[in-house]
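These notes concern the structure reproduced below.
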Amino acid sequence: MKLFAPSLFFATASLTFAALNPAVTVVGEKPDAAGVDYFERFIRPVLAQKCYGCHSKESGKQKGGLLLDTREGIRMGGDSGHAVVPGDPSESLLLKAIRYEDKEMEMPPKKEGGKLPEETIAKFDQWIRMGAPDPRGGGSLAQALQSAPKKILDMKTAKEFWAFQLPRAHQPPAVKDTAWARTDVDRFILAAQEAAKLKPAPDADRTTLIRRVYFDLIGLPPRPDEVAAFVKDKSPDAFAKVVDRLLAAPQFGERWGRHWLDVARYAESTGKERNFTFPAAYRYRDYVIASLNADQPYDQFIREQIAGDLLPSSNDAERNRKLIATGFLAIGPKGLNEKNREQFKMDLVDEQIDVTTRAITGVTVACARCHDHKFDPIAQRDYYAMAGIFRSTETYYGTGSFGGKNRNAAPLLPLANSAKTSAESAIPASPAATPAPASPLPPSREAITSVRLAQLAAGNPRITARLAQMTPEQKEKALHKLRASGKAPETASAPATAPAVAEAQAAGKKKKKGKGYAAIEPQADGPGQDLCMGVMDGQRRDTRILVRGELDQPTETVPRGFVNVLTNGDAPAIPATDSGRLQLADWLTAPTNPLTARVAVNRIWLHLFGAGLVRTADNFGATGEKPSHPELLDTLAVQFTRDGWSVKKMIRSLVLSHTYQLSAAHDSFANETDPDNHLLWHTAQRRLDAEAIRDAMLAASGQLDSVPPTGSVVSAVGDGYIGKGIRPEIFSGYEGKKRSVYLPVVRDFVPEALEVFDFAEPSLVVASRDTTNVPSQALYMMNNDFVRAQAGAMATRILATSLDYPARLNLAYHLALGRPATEAERKRADQYLLNEARAIIPLKNGDKNAASLLAWSTFCQALFASAEFRYLN
């Protein structure tokens, strides 16, 4: 079944798009798991600490008629009006109050501590924009979870929850239609359908299937000749041959690496109030892409990102690459305005705990920073046990001091002397992977300590001479002593990379507004600036539990450790001399961890079928959904580990299933029985993500530059403060012709081509992107210069062929939609291209070629704007 044929209605050479958008389900009042998590982490603790004293039933106070301890109360508001209007910050009086916009309504009042930090206010603004998700009071979700805190101390009961039990393989169930099932996956799926008296949809036709698998595996459309070859190939293994070729293609890592970058909250700037660039972040991006292309075992992939600097290596290049991998812990957002260094450090630790636990195990451990987890059996003690591990770790994220005003500056890690460090170095290669030249050995901890002390002693020959006589142990003590005295920052600032800011600004000024900044080419760091983001062990220390997460309310000290409910048997022992990161990496990937393999397999399923077997892909806790096919999920998790944690093997087994190859055909009975397609009785239509839409336009126009860049746009711009010294438009307006995975990802200034089609928020762990259908998307396809340019290039490409008109028309449909035009589409196209366009488009000085190009350009743009171009069937 085809989604829609594109409309070719034109009025004065403009396009009409309103009728081209299929309906998209709108999230209702019930808060989703991500919204609940956001509320619990960032909103409830502030309300409890700052507001409940005067506005809660428990306190017995209801000043101004306002209660803030229930969802109904905070939305109804008090005597002055609604405190929170979901989705509308401008009408939410609570936001006005905490912003101190009205002198009569400043909350919290100055006598109670005064105005909240700007970062906290921004969290409330974002929460309201999200629809103010709130699980408190009156809702069935809240009632169902009221008993959860009582189970926290009862680990035996807690571990009875499905997600905390070890996965085990199950025998595939018997099915009636034995001829339909091709794999064990099919047997699990068909058995559930038969139990519901459903029948699977017919198979997808070959043109639909090859387009689907191309976008799913490499994020690009098939060429017309590739479609034709597959349609003609009648051999039993025709589809398997296509799958194997795509898995071996270098574009596979670019596609599937981007999925992990969403989860890893990859970005190239700090974000928040003072947005500083991360010029070396691209090295982590390239590491991820190379690892996926080489089919690096997933458990090793995880281990390297948590503790790559501590793992053994067989050569210098491998050790260097593993250091780059730890960029996973360094690329998160940074609140550089925080004046209290200890608070900044604990916020950094919190962010590292959150990304580690949510990205790898799918649970929200960071919710236990201020109190025991409200819903899951995770004690505050567990949180601070993990906090000790990251408190014993030093993070190198690379923001310069800029005149000493940035108290939280940090250096990058030097990568010896090679200017061409490659993240692909020393990855065990699959047959499709070609390793890059070797990279040098990363510096030792002693070397880094020496560099820091030398920076602090710069210009003082007497101190420099003393440093030369110190042992490594004496240098370490000297550095810690300087820090304790306040004479040295937590991490001394390394020399910034040689910036290209002036050149980039000049290039930006030459461009007209809205035209983009394609002249700024991606670049690696300059000579002598071989740096990477990452972590290394620091001063080992356990951490004290903080009441409500407040630094001035410490209690008992907790030894470094792990989350109790996810620990089966004895947890790895952490020696007093170790930070615990290596043991954390072991714990996360051990056979006794119940979640790591489950979460990984579920995400693979999500990217192939549009929704996970667990639909809350980054929340396997009590507020998440239960799996639709629990036995299948567990069986796949066991298979994943038995196959050596191979992502490619898992993908291959899933796309070769009969379930993956179904059509999107509608069936009234099935739709009434299972409207959300939990039983997978047909293929759900899926909109392409932002990168695939942009890359597909470039592929159709023939303009796609498939050669990976060296470095990034941000590394070309260099160190700097975005908005003060670096124009944000350099990033948000950047165009270029490389694949979209290589576009600059600067927090708050993501390129429009990505932002308009629901790009993952780069400050959050995002396992499953939102899919919206809003007017701005249609307007983008109609008016954006990049879209118009690609439509023009596609028209030029078509007209440059020696084909006759009917063949050219078919070529246009093949390039845009992967199929030939139907008879009805030919008639509509003929009406426009052969008749209406001549009347609508005036000839310039009688130039028939110009008129023809403009007609074909608008026609190609209509194909881009069609729903079928943007959706998979």
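The values are calculated or read from the model by the stated rules, or taken from the named source; none is laboratory data. Please read these numbers as outputs of a predicted model, since none were measured by experiment. Cβ placement follows ideal geometry from the backbone for every residue including glycine, while neighbour counts extend to all protein chains displayed. The accessibility values were calculated without ligands, DNA or RNA, using every heavy atom of the protein model including side chains. Shrake-Rupley method; radii C 1.70, N 1.55, O 1.52, S 1.80 Å.
ALA201 falls short on exactly one of the conditions (1) of a type outside the set (Lys, Arg); (2) out of contact with any His (no Cβ under 7 Å at 6 or more places or on another chain); (3) part of a loop (DSSP other than H, G, I, E, B); (4) over 25 Å from VAL741 (Cβ atoms), and that condition is (2). The single condition among (1) among the acidic types (Asp, Glu); (2) open to solvent by 20 Å² or more (accessible area, probe 1.4 Å); (3) modelled with pLDDT of 95 or more that GLU318 does not meet is (3).
So which residues in the range 107-137 are of a type in the set (Gly, Ala, Ser) and touching a helix residue (DSSP H, G or I) at 6+ places or on another chain (Cβ under 6 Å)?
So in the range 107-137, the residues of a type in the set (Gly, Ala, Ser) come out as 113-114, 122, 131-132, 137.
The answer is GLY137, and nothing else.
For ALA862, the test of being touching a helix residue (DSSP H, G or I) at 6+ places or on another chain (Cβ under 6 Å), modelled with pLDDT of 95 or more, within 30 Å of ASP758 (Cα to Cα) and crowded, with 21+ Cβ neighbours inside 10 Å is failed. Checked against the criteria, GLU752 does not count as at pLDDT below 90 and within 19 Å of ALA789 (Cβ to Cβ).
Selection of the range 667-691 for residues being open to solvent by 60 Å² or more (accessible area, probe 1.4 Å) and of a type in the set (Gly, Ala, Ser) yields only SER668. Restricting the range 612-657 to residues that are in contact with a Phe, Trp or Tyr (Cβ under 8 Å, 6 or more places away or on another chain) and among the small types (Gly, Ala, Ser), the residue that is most open to solvent (accessible area, probe 1.4 Å) is ALA622. What do you reckon, is PHE230 under 29 Å from GLY308 (Cβ atoms) and open to solvent by less than 30 Å² (accessible area, probe 1.4 Å)? No: the conditions fail for PHE230.
Pairs linking a residue in the range 810-830 that is aromatic (Phe, Trp, Tyr) to a residue that is part of a helix (DSSP H, G or I), with Cβ atoms under 8 Å and 6 or more positions apart or on different chains, are TYR813/GLU825; TYR813/LEU863.
Against the list (1) at pLDDT 85 or above; (2) surrounded by 24 or more Cβ atoms within 10 Å (Cβ to Cβ), the condition LEU415 fails is (1).
Does the range 326-333 contain at least one residue that is modelled with pLDDT of 95 or more, assigned to a loop (DSSP other than H, G, I, E, B), closer than 17 Å to TYR266 by Cα and not small (Gly, Ala, Ser)? Yes. For beta carbons closer than 7 Å, sequence separation of 6+ or different chains, a first residue in the range 233-251 that is closer than 17 Å to THR208 by Cα and a second that is surrounded by 15 or more Cβ atoms within 10 Å (Cβ to Cβ) and not aliphatic (A, V, I, L, M), the qualifying pairs are ALA238/PHE230; VAL242/PHE230; VAL243/ARG652; LEU246/TYR214; LEU246/PHE252.
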